[in-house]
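This report concerns only the one structure given below.
The values are calculated or read from the model by the stated rules, or taken from the named source; none is laboratory data. From a predicted model like this one, the values you see are computed outputs, not experimental measurements. So basically every Cβ, Gly included, is an ideal-geometry build from the backbone, and we count neighbours across all protein chains shown. For the accessible areas, the whole protein counts, side chains as well, though only heavy atoms, and no ligand, DNA or RNA atoms are used. Shrake-Rupley method; radii C 1.70, N 1.55, O 1.52, S 1.80 Å.
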Amino acid sequence: MDCCEFQISAMGIKGLQGFVERVCPDACRTVDLREMAQKHCIDHPDSPPVIVVDAMSCVRYWYTPESWVCGGQWREFLAVLEDFIKVFMGAGIKLVFFFDGVVESKKRDEWIKRRLQNNKEIARVFQFIKTHRKQPGREMFVMPSALPTFTRFALKSLGQETVCTLQEADFEVAVYGLQHNCIGILGQDSDYLIYNTCPYFSIGKLRLDRLVTVMYSREDLCHALGLSLTHLPLFACLLGNDVVPENLLEGFWHKCLVSSPHKNNSYNRRTNIFFAVANYISKVPQSYSSLKHLEDILPLGSDKTLLYRGVECYLLPGQQSPWIPPKVTSCQMFSLQQETAMCQDEVFQVPSKEQHVQSENYTIFNILSKGEIECSNSLEDESDTEIPGQALIYRPARQHIYSILLESREGGAYSFVKEWFVFFGNPLKQPELIQPVQPIPGGTPNLKTLWFAKGPDVEKQRYSTFLACFHLHDGMEYLQGLEAPVAAFCCLLVYLMMQLAQVDSRGVHLGAVIVRGLSTLLMANSACGFPFRMDDLMPWQVFDGKLFQEKYQQSHRGCSLEELLEGNESLYTPFENLKSFICKACMAKKRTIHSRPRGNGFITGTLQREFNPRFQQIHRSSFVPPYHNQTRGFLWRNPQPQGREYRSCHPDRRRRFHVPSR
């Protein structure tokens, strides 16, 4: 699951980005990316201009559809990404997108801190919805659940080079930018001001229509601070970053402020700290002994190497620092080698690693190499006791997936998998140790067979193993007769019906659960040797959050089947067939589906529409339970009810279509 995917903000050094913009205007240069690309082509005629994109810090800027609490408007989002790419292609600029693939152990504490803060932000969103019965304004924006996960696959489906990292993404981005002579890095992370790499461009300041943005100059920042480029890694560590916690530095900051000649009462305290720390280290000889002295005077506790490791991790391959002695292998590369070595069976390690890097599988390499997996926040209502957190809902499916992946370990012995999953009531003080569970009684299918063997029998086994992860191996014959996206989503719906005693809670929470379920399908598909194309499991194929919320509301108000399907008779038979299959599958597992209509709930979107009076009826005998709505997303190919222009997600994406208003 995505490592840092929720409510992503500028990482790195707290306040540094704002400091540069407010206090160092010379370090903020407005640049024309078209002109830079043209200059690159003149200077380097044999290589195209490339911008490496820190996608994790850009996702929140890309999601511009109106509705965001609903579960995501995925086809609109896909169109936004397509437009973004086209503008750069028109300027002859190649984009390479990097996504975080791991959370390194040294940054786990910071990851936990941010996840707990995100929980508070989500709680405020739900409180607003309950109070005002509408979506909050953009100032309270949180990204739809699993957005970075599906963004990765969306960009790949649009023909873009997409990399899922094996270590911290900002390090790999900086390395790629330097080694490939890129014209710049596009992102929003102040660590790019510290790495000695190619220029750093702001996604937040980007004017896509003119391809103009702000480039931050390390040299001008150093000039304003009275430092050199070699000072910057230590400067970053002494301000507090993802390696060195700020709470260890308060005493040092006070000492620097007292002795600083640059204190300015018109600046805030953080700005004065920047100048004071810069003044202090500018007077310290650049040597390893100076670094050791700093480690001695700082309250670093038992870890006296914190500054050393912090400085070292800003060094890219081939770079040296006067603050630390020369070393052949950097801490970043050593950490990577350690983690890769844990994947004991090279037969599985090589393909899973390649697929991980190329964004072709989902979480498999992390499980095989580290025995660890994490999932960030989802848009879930902690006060809604009728629907558990998605982390708990999909845990049985994950346990089956772990069994498939780990059955080939030494002697067939199962391992525990460490789960860092965010859900209400989990303080994240330590990982939960989850034991694999066989999906099929009597034995788990051989992973080598699932991944490498060929032939119709193996394809059947891949499909049946995938279904077994969701307790559906008895439904194989029916599901194989459906279109692949429909069949996959049907698996998800049956699984939800068997896990949730009642499906009548808030649509926002349920929308997040459904989208997270799609990411669980991705994991199962990757583990089982890809019985489905990954493209068939994408949300824009089967789900639209805004439409889901509307149909969810209609069903709770007692609308008839005719009204739910808007009079489209061609949908009646497939709807009833899918409904029948889901109900039969649940009954076979002794799961009775209950429904309790809520009546009117909140209205999604910032613009509220008047409902047709015929929808405001007392519940009829023909009431359709709320789980029926969920099939709506994959029965229609144009799942957008508004009278607007939308893009088709079929191969010819240049074609547009218009969906008339009702």
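Note the full-extension length gain between ILE297 and ARG29 as 0.36 nm times their separation in residues minus their Cα-Cα distance, in nm to one decimal.
92.7 nm
In terms of its alpha-carbon gyration tensor, segment 69-170 comes out oblate; a/c meets the 1.5 threshold, while b/c is at least as large as a/b. The fraction of accessible area contributed by carbon and sulfur in segment 94-242 is 49 percent, rounded to a whole number (1.4 Å probe; ligands and nucleic acids excluded). Pairs exceeding 29 Å between alpha-carbon atoms, taken from LYS130/LYS589; LYS106/LYS130; LYS106/LYS353; LYS14/LYS304; LYS130/LYS546; LYS448/LYS590: LYS130/LYS589; LYS106/LYS130; LYS448/LYS590. Take the alpha carbon gyration tensor of segment 489-580, find the square roots of its eigenvalues, order them as a ≥ b ≥ c, and report rounded if a/c is under 1.5; if not, report prolate when a/b exceeds b/c, else oblate. Prolate, because a/c is 1.5 or more and a/b exceeds b/c.
Tell me whether segment 1-113 comes out rounded, prolate or oblate; compute the Cα gyration tensor, take square roots of the eigenvalues as a ≥ b ≥ c, and use a/c under 1.5 as the rounded threshold. Oblate, since a/c reaches 1.5 and b/c is not below a/b. Applying both filters, DSSP loop and at most 16 other Cβ atoms within 10 Å, to the GluC sites (Glu not before Pro) of segment 437-515 gives GLU483. Phi angles of segment 80-87 translate, via the Karplus equation with coefficients 6.51, -1.76, 1.60 and θ = phi - 60°, into HN-Hα couplings of 4, 4, 4, 5, 4, 5, 4, 4 Hz per residue; Gly and Pro are given as x.
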